[in-house]
Amino acid sequence: VLVGSTDIRVDDPGTVRCEADERDYILQSLAFVLPDIRIAPDDIIFQFAGVRPLPASRDSFTGRIPRDHFCSFVEEAGSPPVLCMIGGKWTTFRSFGEMASTMVLERLGRRASVDTARRAIGGGRDYPAVPRGWKKALARRTGLPPAQIDTLFATYGTDAADLADFIVAGPDAPVGDSGHSVREMIHLIRREAVEHLDDLLLRRTTLAVSGRLSSDMVDATLGLLAAERGWSAAQTDAERQRFLTLLAERHGVSETTLMSRNMRQE
């Protein structure tokens, strides 16, 4: 279960994390909703904090600050105009992008010729009317087990076809019981701008947030990333320590917890 959230004004987004008082507030709120279920801090498998960019406001109550997105041009003598985009979030990126592009085109005396509101992107492109038939055809073509195809399709949509082709192009093996394979991880590293372990384990996969991440998975994934990036032993060790520190300080997951998950999986 994912629960949240708080609404606190912050000055430095780079230092934000879920503090103990925020955690206690959320657990207390949850207890009001589910009074017969006791959830202790030790039951939390992962915690995180994000920052929503809002327009500047002197209102002391953050809940009254508009959540909409805004665009405006800032102009200074002798410099080209700069389009400032304020607010917004992932779920509104299309309308935000349309607003920005419309404003730019108007400045150029032009109009948009393409509407992206209904354009399929990512794994939604060429989405099959009958997914079962699509997945069966992909399993026959690649030779991958239907169960693996099901998992790839559920995760990546139609992008699973390219990924399946990559997987069968070389020797593959599971990465522990992560539900991911070696070739899948390598594909993510190469295609999804992965530079650090947290890119892969916190953002490109759900291993950390779902509580399935173990120290064995960390080491196995780190080995793949180090090989792809050509890191030395010292660079690899530094990356491991950086990631473990990040997990402990920002997400409440200690190395001891990661090691205990190894034993549980065995």
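The values are calculated or read from the model by the stated rules, or taken from the named source; none is laboratory data. What you see is a predicted model; the values in this text were computed from it and never measured. FYI the Cβ positions are ideal-geometry reconstructions off the backbone, even for glycines, and counts take in every protein chain you see. Accessible surface areas use protein heavy atoms only, side chains included; no ligands, DNA or RNA. Shrake-Rupley method; radii C 1.70, N 1.55, O 1.52, S 1.80 Å.
Only residues that are outside any helix (DSSP H, G or I), open to solvent by less than 30 Å² (accessible area, probe 1.4 Å) and not polar (S, T, N, Q) were counted in segment 193-213, giving 5. Within segment 71-102, the set of residues being among the β-branched types (Val, Ile, Thr), farther than 17 Å from residue 56 by Cβ and modelled with pLDDT of 90 or more comprises just one member, 102.
Checked against the criterion of being assigned to a loop (DSSP other than H, G, I, E, B), more than 17 Å from the chain's Cα centre (by Cα), closer than 30 Å to residue 120 by Cβ and not basic (Lys, Arg), segment 214-227 contains not a single residue that satisfies it. Among the residues making up segment 82-107, a single one is exposed (fewer than 11 other Cβ atoms within 10 Å of the Cβ) and either in a loop (DSSP other than H, G, I, E, B) or among the aliphatic types (A, V, I, L, M) (or both): 82.
Scanning segment 224-253 for residues that are on the phi < 0 side of the Ramachandran plot, of a type in the set (Gly, Ala, Ser) and either touching a residue at least 40 places away in the same chain (Cβ under 8 Å) or loosely packed, with under 13 Cβ neighbours inside 10 Å (or both) gives 227, 232, 233, 234, 238.
Just one residue in the set 190, 140 is in contact with a helix residue (DSSP H, G or I) (Cβ under 9 Å, 6 or more places away or on another chain), assigned to a helix (DSSP H, G or I) and surrounded by fewer than 16 Cβ atoms within 10 Å (Cβ to Cβ); that residue is 190. Among residues of segment 11-40 that are touching a residue at least 40 places away in the same chain (Cβ under 8 Å), those with a beta-carbon under 6 Å from a residue that is assigned to a loop (DSSP other than H, G, I, E, B) and surrounded by 10 or more Cβ atoms within 10 Å (Cβ to Cβ) at least six positions away or on a different chain give the pairs 17/49; 18/47; 18/49.
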